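I have placed the structure first, in the form of structure tokens, so that the comments after it can refer back to it.
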Amino acid sequence: MTARSPITVAIARFEDLLALGLRTLLQGDPSVDIVAADIAPGRLDVVLRAHRPRVLILDVGRLRDLAQVRELSVAHPQTRLVLLGQGLSSAESGQLLAFGASACLAKDTQARDVQNAIHLASRGLQLMPLGAQEPDGPPICDPLLTHREGDVLLLLRQGQSNAQIALALQVGVETVRTHARSIFRKLGVSSRRALIALPAPPPPPPIPSPGHPARPRSPSRNATRRRLHP
């Protein structure tokens, strides 16, 4: 089986602690390649044109306005936008998703959920914000899909049967059914036809140039089990 190309990721400018947490998290993921980091707001377009990353992680608080998300998504359709913000209402998150963001998460989201959002956004999925809520109301959505659910979802959208998926992933058919039920519930759909109707993944990213610097190793894989703030 041919290995997947790494997910190329660019990280916009964040406050120092969060920026460190993001880099530590993603440097520990062998399927991710950070192609640019600490991108100043005024240089986003230049960097996205130069590197064409599959995913851009953005700080909502540093946007000029919410409509900038629409401008970026239209100008750079090959790049999926994962937004991190503080105190966003469900209405604001919904507007950002309508403007083209793939995911809108709170800055204190668990590291593993940010990691999952990046993987799923790279496949063309638009995800509800984790723990978004109305004022004085309960959360309005469940946690994001797990890595395994993402694998099952990809095969479901290819039209494979439960038995075929079980064989491909080397799990039991009942395990596939359990994952499928969870996927339907989390994505708010009730049939495979609705899953297939989800947006298609972006085209594969360009092969990095030979001179691209190697990614440093993470000091500890336990970083993915903590929140992003060290």
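Taking label points 7 Å from Cα along the Cα-to-Cβ direction, R148 and A40 give a separation of 4.7 nm. All other residues with a Cβ under 12 Å from the Cβ of N116 taken together, and with Lys, Arg as +1 and Asp, Glu as -1, what is their net charge? Counting the neighbours of N116, the net charge comes to 0.
Over all other residues within a Cβ to Cβ distance under 10 Å of A19, the charged ones net out to -2, with Lys and Arg as +1 and Asp and Glu as -1.
What does the highest-first list of 13-23, 50-60, 157-167 look like by mean Cβ count within 10 Å?
Values: 13-23: 16.9, 50-60: 22.2, 157-167: 15.1.
Packing proxy ranking, top to bottom: 50-60, 13-23, 157-167.
Computed 3J(HN,Hα) for the range 180-186, one whole-Hz value per residue from the Karplus formula 6.51 cos²θ - 1.76 cosθ + 1.60 where θ = phi - 60°, is 4, 4, 5, 4, 4, 5, 5, glycine and proline marked x.
I want the local charge near F99. Using Cβ-Cβ distances under 11 Å, sum +1 for each Lys or Arg and -1 for each Asp or Glu among the other residues. Walk me through the intermediate numbers first.
Working: positive: R70; negative: D65, E71, E92.
It works out to a net charge of -2.
Amide H contacts of A106: G85, L130, each under 5 Å away and 5 or more positions distant or on a separate chain (H built 1.01 Å from N in the peptide plane; Pro and chain starts excluded). Between T175 and Q68, the modelled labels are 4.4 nm apart [label points 7 Å from Cα along Cα→Cβ]. In this structure, the amide hydrogen of D33, modeled 1.01 Å from its nitrogen in the peptide plane, lies closer than 5 angstrom to those of I7, T8, V9, counting only residues at least 5 positions away or on a different chain. Principal semi-axes of the equivalent ellipsoid, √(5λ) from the alpha carbon gyration tensor of the range 1-138, are 22, 17, 15 Å from largest down.
A short reminder: the numbers here are calculations on the coordinates, not readings from a lab. Everything quoted here is computed from the prediction, not taken from an experiment. Positions of Cβ are generated from backbone atoms using ideal geometry, with glycine treated the same way; all protein chains shown enter the neighbour counts.
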